[in-house]
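To start, the structure under review is shown below, and the notes come after it.
The values are calculated or read from the model by the stated rules, or taken from the named source; none is laboratory data. Just so it is clear, the model here is predicted, and its values are computed rather than measured. All Cβ positions, glycine included, derive from the backbone under ideal geometry; neighbour counts span all protein chains shown. Ligands, DNA and RNA are stripped out before the accessible areas are found, and what is left, the full protein with its side chains, is counted by its heavy atoms. Shrake-Rupley method; radii C 1.70, N 1.55, O 1.52, S 1.80 Å.
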Amino acid sequence: MATRRTSDEPGFVLHRYDWSESSLILEVFSRHHGRLALVAKGVKRPTSQFRAVLLPLQPILLAWGGEAEVRTLKSAQWQGGHVMPTGDALLAGSYLNELLMRLLARDDPHPRLFDDYALAVQLLAERSETQSLVLRAFELVLLRETGLLPDLAREGSSLAHLDPEGAYVLSPEAGLRPAHEDDAHPVTGECWLALQQALATPDALLNAMRISMGVMPALRAQLRTLLHYHSGVRTFRTRQLMLDVHALSRGKATGSRSEAPA
């Protein structure tokens, strides 16, 4: 019986594991097949043509074969379009990859989410000033596509329509509820309703970025609670790395100023 083969599939490498002295296991996000595992045989050898291609945050075309849970990579080539993000943008892209690894089941296609992810990576690479907006918008589209985002037009418990002038917070178990006096990060009903509409449009990522612009701190705090709840972790590794890098940078800057001559 012929071995099933997939060719010319758009994809991104999310993560890489050592499999042997010369090979890797790749966690890949593909447009039509979702997240899957591929074994890249011999890719660690100096002569491998795949070494410069199989890197995270680069759009590639993949071919693989096999029916097992871990398929065999046959070919990979860079699609072009933008360079790999660097610096803070690289850390931000790694955070997106960690979200996909934790919240996407294998072999569950999400073509629309793939397109939003590809756009998010491009924006991180080309427009670093939009980094925070890209992260918040992608968190929203990811939660929506995986069915983990509640209806943003209604209260979770009563299903009553939101009051545009009211203030609400997002609870992982109960959805949106009216804000209490001690809630630190409420968001207006008008904003939640606008986000609900934005996520239903073809340009969901860009429209969610536009709506999120005025409520970044509050939205970040509420989405983080929801993501931690559904991923089962208290802190994402890549986010902690970003915080550590920024703290180190601030410490060096402070030290430099304190040592500078008066």
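A few comments on the model shown:
- Volume per residue that the Cα convex hull of the stretch 64-144 spans, once the total is divided by residue count, Å³: 110 Å³
- Length gained when the stretch Arg51-Trp78 is fully extended (0.36 nm per residue, less Cα-Cα span): 8.6 nm
- Neighbourhood charge, 13 Å Cβ-Cβ cut-off, centred on Glu139 and excluding it, Lys, Arg +1 and Asp, Glu -1: +3
- The relative contact order of the stretch 9-97 comes to 25 percent, based on Cα pairs under 8 Å that sit 6 or more residues apart.
- Mean ellipticity per residue at 222 nm, deg cm²/dmol - from DSSP H runs of n ≥ 4 across the chain, formula -39500 (n - 2.57): -13500 deg cm²/dmol
- Scanning the chain for GluC sites (Glu not before Pro) that sit in a DSSP loop and have at most 16 other Cβ atoms within 10 Å, the longest stretch containing none of them is 70-164.
- Solvent-accessible area per residue, Å², over the stretch 1-159 with all protein chains present [probe radius 1.4 Å]: 46 Å²
- Calculated FRET efficiency, Ala68 to Ser20, Cβ-Cβ distance, R0 = 22 Å: about 0.85 to the nearest 0.05.
- Largest GNM mean-square fluctuation across His32, His110, His180, computed for the chain with C-alpha springs under 10 Å, falls on His180.
- Taking the three principal axes of the alpha carbon atoms in the stretch 27-70, the coordinate ranges are 30, 23, 14 Å, sorted in descending order.
- Normalised alpha carbon radius of gyration of the chain [divisor 2.2 N^0.38 Å]: 1.14
- Among Leu148, Tyr229, Ala92 the positive-end extreme of the charge dipole of the chain (Cβ point charges): Ala92
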